[in-house]
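Colleague: Please find one structure pasted underneath; my questions will follow.
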Amino acid sequence: MPLTMTQKADFVIAEFDTELTIFNVREAHSILQAGLAKAPDRLILDVTALQDLDSAGLQLLLWTLAQVRAPAQAVISAGDNPQFSRVSDLYAVQWPTHFTSQDD
Amino acid sequence: MDMTQARSLFIDEANSLLADMERFLLEIEAGDATSAQHIDAIFRAAHTIKGSAGLFGFDHIVAFTHNVESVLDKVRSGQLALDGDLINLMLQCQDHTASLIRQLEDESSGIDLVTGTALIKQLHLYLDPAPVVAAAPTAVLTDTEHWQLDVHYGEDVFRDGMDPLSQLHYLQSLGELQQVRLLPHWPAPAAFDPESCYLQLKFELASTASKQQIADVFEFVQDSSKVQISPPQQVKASLAALPTVDEKLGTLLVNAGAVTERELQSALSSQKEHDNNQALGQVLVDQGAVSSEMVAVALDKQKATEHKRPADFQFLKVEARKLDELINLVGELVTAGAGIDVLVQEIANEKLKESFSVLTGLLEQIRDGALGLRMVQVGESFSRLRRIVRDVSKELGKDIELTVEGADTELDKSMVEKLSDPLMHIVRNALDHGIESKELRLYKGKPAQGQLKLSACHEAGSVVIEIADDGAGLNIERIRAKAIEKNIISADQELAEEDIYKLIFAPGFSTAAAVTNLSGRGVGMDVVKRNIEELRGQIQISSVPDQGTVFRIRLPLTLAIIDGFLVSVAGTHLVLPLNMVQECIEFQMSQQDNERNYLDLRGEVLPFIRLRQLFELAGPPQNRENIVVVQYGKHRAGLVVDHLHGELQAVIKPLNTLFRSLRGIGGYTILGSGNVGLILDIPQLVQFATTLENQSFVH
């Protein structure tokens, strides 16, 4: 399974396994779609364990973030994952990493 | 100079400028030239006509051309693109201006205000920016310091095993990636397929790599994605620094590394496949292959090349009347020279003979030079036909490609002018009735695009012009039936294939099922034949069903002076055009069967004519006669004459109208002795000889 989705307090956490590539994006998409259907207010995409990420995987992460509409929010949690940083740097993608306060 | 003369000069100049304008517009439309190459000349034509018309107070011409000039000025300054629609409009404006000029010559015809007003309205759409909806190119590129890349990936890229990430990674080995922007184009949420690619990537690459090297990175996604690579300013500088060579725009851009071979081929195919009237440079800009600035630099380079060419377009305008006077005088000089030649032969002084032969040599050069002044390229007529083919094929909804060969073949100017109408008529007939509709062609297994070929070449002292189409060919049965219906031939009359084809030249003949406004009225083909015969020419037709028809027009090179061969029969001097004379042989009547006019010439049957009998010349035949073997086209015949006198230069004088009906005589000339020499019409005589012998064989 490419990811697992769990509810922790106010957050829904999508915890990705080591691979998110063209070979498992369809399955990952199904799981994410099911999670998104519940319209979480706070979504954390945890990619700290990812070792293998390609453009299809990156596209799925971007798409997921785009599906979360305000006032709901989604962030990426990458920690110091070098593989994830390398891909993000190459594409010059700036990920949201912090939730903003509702009062902001 | 009186006003009438000045006005006539204006009309002449305007017509010439309009012809240039039409030619340049058609060249741009056909993709043979870019608008940048010709826009100055097109603008100058409109501007000059306007200016000159103003001098004469032709205000309606000034008003109209002012609008045309204003639009052209916008094209010149780069505010407007001379695309297919605008070329079309400009051609209509050119037509209308020509009609305004014609009206000056023939004041009985009115000014077409309706067309003029409609055209001005259309021109104003280009002048007033608001209503003009110009299709924006997919991306307008400008030159920057680095390579600019815009890659819109196709949806199948991931599924095809491609990853844009690896391309970015590889590009890092060629240089530094800058300003990378990832632009996803999301579909509706329900339509999102995670295995489809929705990414667009824009970035700059600081690299010394060539465009080809960069393009190679995207080789495997080229077919499924849209890849635009815009060169940096540095390439523009290297393009400007390239040595000036005579290259086409595409080659220049490829050589400079601004465009890849693939991009060039793609642009050329786009031009051809989509019947794209845009110039190549514009297509490349629209495809995002290159910036318009880069194209402008390349065009400037081309212009520089053209300026370096020898001034082969510098002409001196001379009144046709003055040229005719010169030719007449040269003709008189030739006649006077022939007179002196007779005296020189009588005096028999070697030194005098020698001096006179030098003079004769110079005289021949002057004659050829003077005649050469009247020679113009037959392409002048062909270029007018280009417009007709373009307009008529559009009107008929047919896709027809016109090929021109031998446009630089030269012919006497007066003949080119007189040839215009017959050629136009034959071409219109070929377009209208010869070449089938697209649907019918495809049904017959032919390519949808019809072919029309105009060619000219020199052949045995004549100019041969061919108009060949790959259409349905002439239908012998239909021609025959129509000729019987129109009482041109009787129902029981047997005719050879070639003679049946000739029936289409009969007055009032037309087999076209429907009369269109282009042709099919039965008026014209008889006039075509008459016009060509007036030029001492002949027209032949060959046709193969479903393969096409060829009209072959054979014309003499000039109407003024010829190299002739002088013979005599019963004291009458006759001149044969030397280029048609094959050989002279002795004719022994005793060896001949009096009933039949043919002889065995080294195993070949040679029909001959006894000119004494044909022209009913008095006196008994000489004991020793000669046969002059003449050839015209593929046909040969012999002419029986008394004496052979040798070569001479003959100034052709037309026969008085009273004698025009004489068969076999094309004109006359004054001989050195002062006698009159009749110039034989060899084509007529050859035809007569072969027909006569065929008839006597049948009976």
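The values are calculated or read from the model by the stated rules, or taken from the named source; none is laboratory data. The structure presented is a predicted model; accordingly, all values stated were derived computationally and were not measured. Note that we place each Cβ from the backbone using ideal geometry, even for glycine, and neighbour counts take in every protein chain shown.
Colleague: With part of a helix (DSSP H, G or I) and either away from chain A (no Cβ under 13 Å) or among the charged types (D, E, K, R) (or both) as the only criterion, which of B:Ala190, B:Ala206, B:Ala215 stands out?
Modeller: After applying the criteria, what remains is B:Ala215.
Colleague: Restricting attention to the range B:56-77, which residues are small (Gly, Ala, Ser) and in a loop (DSSP other than H, G, I, E, B)?
Modeller: Of all residues in the range B:56-77, those small (Gly, Ala, Ser) come to B:57, B:63, B:70, B:77.
Selection gives B:Gly57, B:Ser77.
Colleague: What number of residues within the range B:156-176 satisfy the criterion of being touching a residue at least 24 places away in the same chain (Cβ under 8 Å), out of contact with any strand residue (DSSP E or B) (no Cβ under 9 Å at 6 or more places or on another chain) and either of a type outside the set (Asp, Glu) or within 25 Å of B:Val290 (Cα to Cα) (or both)?
Modeller: 4
Colleague: In the list B:Phe10, B:Phe43, B:Phe64, which residue meets the criterion of being free of Cβ contacts under 8 Å to residues at least 40 places away in the same chain, touching a helix residue (DSSP H, G or I) at 6+ places or on another chain (Cβ under 7 Å) and crowded, with 16+ Cβ neighbours inside 10 Å?
Modeller: Among B:Phe10, B:Phe43, B:Phe64, only B:Phe43 is free of Cβ contacts under 8 Å to residues at least 40 places away in the same chain, touching a helix residue (DSSP H, G or I) at 6+ places or on another chain (Cβ under 7 Å) and crowded, with 16+ Cβ neighbours inside 10 Å.
Colleague: A follow-up question, please. Taking strands (runs of 3 or more DSSP E) that do not extend beyond the range B:611-660, which have at least 2 residues that are in contact with a Ser or Thr (Cβ under 8 Å, 6 or more places away or on another chain), farther than 19 Å from B:Gln684 by Cα and not small (Gly, Ala, Ser)?
Modeller: Filter on the range B:611-660 gives B:643-651.
Colleague: So, in the range A:20-46, of the ones that are more than 14 Å from chain B (Cβ to nearest Cβ) and more than 12 Å from the chain's Cα centre (by Cα), which residue ends up modelled with the lowest pLDDT?
Modeller: Here the residue is A:Lys38.
Colleague: Here is a follow-up. So, of the residues in the range B:145-187 that are more than 9 Å from every other protein chain (Cβ to nearest Cβ) and among the acidic types (Asp, Glu), which turns out to be surrounded by the most Cβ atoms within 10 Å (Cβ to Cβ)?
Modeller: Step by step, filter the range B:145-187, then rank; the result is B:Asp150.
Colleague: Can you tell me which residue within the range B:259-275, out of those that are touching a helix residue (DSSP H, G or I) at 6+ places or on another chain (Cβ under 6 Å) and within 18 Å of B:Thr34 (Cα to Cα), is modelled with the lowest pLDDT?
Modeller: Restricting to residues being touching a helix residue (DSSP H, G or I) at 6+ places or on another chain (Cβ under 6 Å) and within 18 Å of B:Thr34 (Cα to Cα), the top hit is B:Gln271.
Colleague: Among the residues of the range B:23-35, are any buried (at least 18 other Cβ atoms within 10 Å of the Cβ) and either touching an Asp or Glu at 6+ places or on another chain (Cβ under 8 Å) or in the same structural domain as B:Val283 (by TED's automatic domain parsing) (or both)?
Modeller: yes
Colleague: Can you tell me which residue in the range B:193-203 is surrounded by the fewest Cβ atoms within 10 Å (Cβ to Cβ), limited to those that are facing chain A (nearest Cβ under 7 Å) and farther than 15 Å from B:Lys226 by Cα?
Modeller: The extreme case among them is B:Glu195.
Colleague: In this structure, does B:Leu80 turn out to be in a helix (DSSP H, G or I) and farther than 22 Å from B:Thr115 by Cα?
Modeller: no
Colleague: Separate question: Would you kindly identify the helices (runs of 4 or more DSSP H) lying entirely within the range A:16-104 that contain at least 2 residues that are in contact (Cβ under 8 Å) with a residue 40 or more places away in the chain and touching a strand residue (DSSP E or B) at 6+ places or on another chain (Cβ under 8 Å)?
Modeller: Details: elements: A:25-37, A:55-67, A:82-91.
Per the criteria, A:55-67.
Colleague: Go through the residues of the range B:83-97 one by one and say whether even a single one is in contact with a helix residue (DSSP H, G or I) (Cβ under 7 Å, 6 or more places away or on another chain), more than 28 Å from B:Ser381 (Cβ to Cβ) and acidic (Asp, Glu).
Modeller: No, there is no match, as no residue in the range B:83-97 is in contact with a helix residue (DSSP H, G or I) (Cβ under 7 Å, 6 or more places away or on another chain), more than 28 Å from B:Ser381 (Cβ to Cβ) and acidic (Asp, Glu).
Colleague: If you don't mind, another one. Within the range A:67-94, how many residues are within 12 Å of the chain's Cα centre (by Cα), within 14 Å of another protein chain (Cβ to nearest Cβ) and at pLDDT below 90?
Modeller: Of the residues in the range A:67-94, 2 are within 12 Å of the chain's Cα centre (by Cα), within 14 Å of another protein chain (Cβ to nearest Cβ) and at pLDDT below 90.
Colleague: May I pose another question? From (1) away from chain A (no Cβ under 14 Å); (2) crowded, with 18+ Cβ neighbours inside 10 Å, pick out the condition that doesn't hold for B:Ala237.
Modeller: So B:Ala237 meets the others, but not (2).
Colleague: Here is a follow-up. Please state which one of B:Val427, B:Val392, B:Val404 is assigned to a helix (DSSP H, G or I) and under 14 Å from the mean Cα position of the chain (by Cα). Spell out how you get there, then give the answer.
Modeller: On the way: B:Val392 fails: under 14 Å from the mean Cα position of the chain (by Cα); B:Val404 fails: assigned to a helix (DSSP H, G or I).
Just one listed residue meets the conditions, B:Val427.
Colleague: Residue check: is B:Thr403 closer than 28 Å to B:Glu319 by Cα and free of Cβ contacts under 8 Å to residues at least 60 places away in the same chain?
Modeller: No, not satisfied.
Colleague: Out of the residues in the range B:569-591 that are over 16 Å from B:Leu685 (Cβ atoms) and among the polar types (S, T, N, Q), which is modelled with the lowest pLDDT?
Modeller: Among those that are over 16 Å from B:Leu685 (Cβ atoms) and among the polar types (S, T, N, Q), it is B:Gln591.
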